[in-house]
Amino acid sequence: MYFDSHTHLDDRAFDADREEILGNLKHYGVGWIMNVGCDEESSRRSVALAEQYPFVYAAVGSHPDAAAALDDKTLEVYRGLCANPRVRAIGEIGLDYHYEDVPRKIQQRCFERQLALAAELKLPVIVHEREAHEDGMAMIRNFPQVHGVFHCYSGSLEQAKELVRLGWYIGFTGVVTFKNARKAVQVAQWLPLERILIETDSPYMAPEPYRGRRNDSRYVPLVAQQIARLREVPPQTVEQATTENARRLFGITE
Ligand code: NI
């Protein structure tokens, strides 16, 4: 069974058929999903989904796009949600310098406060880092007791090597199936098997041959199959390892 380690099934893109998708996941070989929050609202929705379905777990947190809205009150809400045993990570949090709608200083402050919360609550983190490689690495180095995953990885092989040294995981989406995915392919080939997570990041990032369409967790096996092809191992090897990795990172024993 596959573990989709990063999805947004609470997104309104799924309002018409969310229950149908969740009800059918086992038929596609998907046994577990981590539903990830982006702000206070989606974090609450993630926890609600996780309470409704035994194979859904939740992460709560503010994405860099929502950094300006993170205040003491939001942090208290997250702290309260984390008391729920269905919540297994703080995420997604991080830095995104691609659009810069939110000033860098504000993103950094938001990231830092949530890394501190993860340290306090002893929870792993799910990091979104885009075009902010140097600052992202500098900030996680300040929290050596916190670890987690760099999701939808877009960094270099060098950065991946440092993340592995620091005990982190790296998450791959459908991007590894794209023709122009040179860097992600290189990292997916090099990475130790016990550091790889697979994810859909649905509704975004649909793998080939569905690129550009709405994505959902049923396509996560396509990501594993592509990684298996790149590493020249049987797909079951990647399936088993990535599921074990996600369960280890998120502390899931059931
Ligand atoms: Ni995401």
- [ ] Please determine, by comparing only the residues of segment 126-160 that are in a strand (DSSP E or B) and under 17 Å from L191 (Cβ atoms), which one is farthest from the ligand (Cβ to nearest atom).
- [x] G148
Task: segment 1-15 residues that are more than 13 Å from N35 (Cβ to Cβ), paired with ones that are away from the ligand (no atom under 15 Å from the Cβ) and part of a loop (DSSP other than H, G, I, E, B) (beta carbon under 8 Å, 6 or more apart) - done: M1/G29; Y2/G29
Open item on the list: Take the conditions modelled with pLDDT of 95 or more and at positive phi and apply them to K122. Does it pass?
Closed with: yes
Open item on the list: Please determine whether any residue of segment 94-107 is within 16 Å of the ligand (Cβ to nearest atom), in a loop (DSSP other than H, G, I, E, B), out of contact with any helix residue (DSSP H, G or I) (no Cβ under 7 Å at 6 or more places or on another chain) and not small (G, A, S).
Closed with: yes
TODO: Determine which member of the set V185, V175 is assigned to a helix (DSSP H, G or I) and within 15 Å of the ligand (Cβ to nearest atom).
DONE: V175
Open item on the list: List the residue pairs whose Cβ atoms are under 6 Å apart, where the first residue sits in segment 191-204 and is hydroxyl-bearing (S, T, Y), the second is outside any loop (DSSP other than H, G, I, E, B) and within 9 Å of the ligand (Cβ to nearest atom), and the two are 6 or more positions apart or on different chains.
Closed with: T200/T7; S202/T7
Task: Cβ pairs under 7 Å, 6+ apart, first in segment 135-155 and small (G, A, S), second in a loop (DSSP other than H, G, I, E, B) and more than 16 Å from the ligand (Cβ to nearest atom) - done: G148/W168
Task: Residues satisfying the stated conditions in segment 208-232, i.e. within 16 Å of the ligand (Cβ to nearest atom) and either more than 16 Å from the chain's Cα centre (by Cα) or closer than 16 Å to H8 by Cα (or both) - done: R214, N215, D216, S217, Y219, V220
Open item on the list: What's the total number of residues in segment 113-130 that are loosely packed, with under 15 Cβ neighbours inside 10 Å and within 18 Å of the chain's Cα centre (by Cα)?
Closed with: 1
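The values are calculated or read from the model by the stated rules, or taken from the named source; none is laboratory data. Nothing here was measured: the structure is a model prediction, and the numbers come from that model. Cβ atoms come from the backbone with ideal geometry, glycine included; neighbour counts cover every protein chain shown.
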